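Chemist: I have a structure here, written as structure tokens, and I will follow up with some questions on it.
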Amino acid sequence: MSVITAIAAAPDSYTVSYATKSSSVWLLDITQKSPLVELKGAKGKINVLEFSDNGRYLAAGGTSKEIVIWEIPSGYLRGKLKGHDGDILTMSFDAAGRSLYSIGRDKKINIWDAATSQLLRQYNLEARTIAGSGIDVTAAAISRDKLFLAAAIEERILKKGGQGMMFKYHLAFFDISKGVLLKILGDNVKRIEHVAIYPGNCFAAFDNSTLREGSLALRNIESGSIDLTYPMQPGCRIMEFGADGKWLAGAVEQSREYGQARLIIWSVDYEIPASGCFAGRIRLVSDAEPILKKGASRIAAVLPFTTSAGDEDLGRAAGNFLESRLSANTGLRLIERSRIADIIKELELQKSDLVDGGSVVRAGKLLGAALMISGNIDRAGADLVLSSRVIDVETGEILGTRQIHCGQCGADDIFDAIDMLARTIVE
């Protein structure tokens, strides 16, 4: 067998994909001894393999600057994603398997439609601590909950007097869906080549060896302190936490100084807080699966969002934008806003009535709607929680509810939060 350059395990717990130095990608059933199928179409050295959470897709990326997606288990080549100008550092599908996030050495976050291979959005990774400096992204990792990414940054600038370069090494954290810089942890002792994120989002792990001593460091993302260290020989090439955060694995290559290659596994003595330790400013805090699946077109009405006193304009804006966002979906035929306003007035419904199931169903019957979509916005300081629910008018049943948390939420953030909310309502 050729040298293996990447490996990934599928959610079914028995299918494994691996890539070799010859650019071959294979699917292997670990209950069998022979490969299931060779996946065609990949080029260059494959450094990253990633299954979607539903096991439907497998993505491969590396030095060819393109990403290849196959359908699993058939091995059908779904598409080639071309939009990076550098090696692919890391990838992750969103929870529903519809979008793929990719980060490259070109300092780009690309968000792709996994089904159509279309580039949806692209953001630049900018994280400088010195004005006018140049930066390179040397490593990246995406959090397990798909909220943020950690990017290892090498920053360089001419020293005063122009005699040589000054280098600084940082970890920068970005909101994965918006490309917003959240935090920089500066002044690491060396260039970071590999990074892993603890499942509770509390730590970033990386090789922090010095010339005298080899060590793996776990840096606290909130405080910036190095809370845990593990001794190991320099040159760590792979790091991975267990899904429950109870163990950390690190691998080092064979070297003349330290002998043969090694895989080391440490027990991590830390309890994950229930709320985690770090998250993006706008995040989904409920199920990501859309409430309404594809099917026959249905008539629906979107009600204004209810809010606390003084936020009525915010509630109207949220309802109007959600209506606009849902109008592009062919599975819904939306009732005009003016008709909804007339019915609310006719029934003499107050703001509080728009969250009452009986009142919403009565309004829906007069509108001739099959579905009613209502929402509310709760404020806690500068944070907002946006909730929405879908009600079946005929049965009065609540088909589902979804929630978005918007931390330190500004006026412009509301529209991004509603955009995220809309994707959880209808497929």
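Bear in mind that the values in this text are calculations on the coordinates, not laboratory data. Predicted, not measured: the structure shown is a model, and the values here were computed from it. Note that we place each Cβ from the backbone using ideal geometry, even for glycine, and neighbour counts take in every protein chain shown.
Chemist: Just want to confirm a number: the relative contact order over the chain, from Cα pairs under 8 angstrom separated by 6+ residues, in percent.
Modeler: The value is 7 percent.
Chemist: Quick check: the angle from helix 337-346's long axis to the longest principal axis of the chain, C-alpha only, nearest 10 degrees?
Modeler: With rounding to tens, the tilt is 50 degrees.
Chemist: In the stretch 5-53, which trypsin sites (Lys or Arg not before Pro) are in a loop and have at most 13 other Cβ atoms within 10 Å, using DSSP for the loop call? Mind showing how you got there, number by number?
Modeler: Working: sites: Lys21, Lys33, Lys40, Lys43, Lys45; in loops: Lys21, Lys33, Lys40, Lys43, Lys45.
Counting only loop positions with at most 13 other Cβ atoms within 10 Å, the trypsin sites (Lys or Arg not before Pro) in the stretch 5-53 are Lys21, Lys33, Lys40.
Chemist: Right, here's the next one. Would you be so kind as to identify which of Ser374, Leu77, Ala317 lies farthest towards the positive end of the dipole of the chain, taking Lys and Arg as +1 and Asp and Glu as -1 on Cβ and the Cα centre as origin?
Modeler: Leu77
Chemist: Can you list residues from other chains, or at least 5 along the same chain, whose modelled amide H is less than 5 Å from the amide H of Arg298?
Modeler: Close amide H contacts, sequence-distant or interchain: Leu332, Arg333.
Chemist: What does the helix-only formula give at 222 nm for the chain: each DSSP H stretch with n ≥ 4 adding -39500 (n - 2.57), the total divided by the residues, and the result rounded to the nearest 500 deg cm²/dmol? Let's see the in-between values first.
Modeler: Values: 4 runs with 48 residues, N = 427.
After summing the helix terms and dividing by the residues of the chain, the value is -3500 deg cm²/dmol.
Chemist: Now a separate question. Residue by residue through the stretch 158-164, what is 3J(HN,Hα) from phi via Karplus (6.51 cos²θ - 1.76 cosθ + 1.60, θ = phi - 60°)? Round to whole Hz and write x for glycine and proline.
Modeler: 5, 5, 4, x, x, 9, x
Chemist: Among Thr210, Thr401, Thr90, what is the fewest-to-most ranking by other Cβ atoms within 10 Å? Write out the running numbers ahead of the final one.
Modeler: On the way: Thr210 10, Thr401 15, Thr90 20.
Starting with the residue having the fewest Cβ neighbours, the order is Thr210, Thr401, Thr90.
Chemist: Next up: Taking amide hydrogens as modeled 1.01 Å from N in the peptide plane, which residues meet the under 5 Å criterion relative to Gly79, leaving out close sequence neighbours?
Modeler: Ile69
Chemist: Using the alpha-carbon atoms, what tilt in degrees (0 to 90, nearest 10) does helix 411-422 show relative to the longest principal axis of the chain?
Modeler: On a 0 to 90 degree scale, this one is about 90.
Chemist: Shifting gears a bit: Based on the mean of other beta carbon atoms within 10 Å per residue, what is the order of 57-67, 211-221, 337-347, most packed first?
Modeler: On the way: 57-67: 22.9, 211-221: 16.9, 337-347: 14.3.
Order by mean packing, descending: 57-67, 211-221, 337-347.
Chemist: Let me ask you something else. Using a Förster distance of 45 angstrom, determine the FRET efficiency expected from the C-beta separation of Trp266 and Asn320, and round it to 0.05.
Modeler: Working: r = 53 Å, r/R0 = 1.17.
The pair Trp266/Asn320 has a calculated efficiency of 0.30.
Chemist: Separate question: Taking H as built 1.01 Å from N, whose amide H comes closer than 5 Å to the amide H of Lys65, not counting residues under 5 places away?
Modeler: Here the answer is Ile88, since their amide H atoms fall under 5 Å of that of Lys65.
Chemist: While we're looking at this one, here's another question. Run the simple label-point estimate for Asp244 and Arg191 please: 7 Å along Cα→C-beta, distance reported in nm.
Modeler: 3.9 nm
Chemist: A further question on this structure: Can you give me the three principal axis dimensions of the stretch 158-205 from its C-alpha atoms, in Å, biggest first?
Modeler: Largest to smallest, the principal-axis extents are 44, 23, 14 Å.
Chemist: Using only the alpha-carbon atoms, how far is helix 357-367 inclined from the longest principal axis of the chain? Give it as 0 to 90 degrees, nearest 10.
Modeler: It works out to around 70 degrees.
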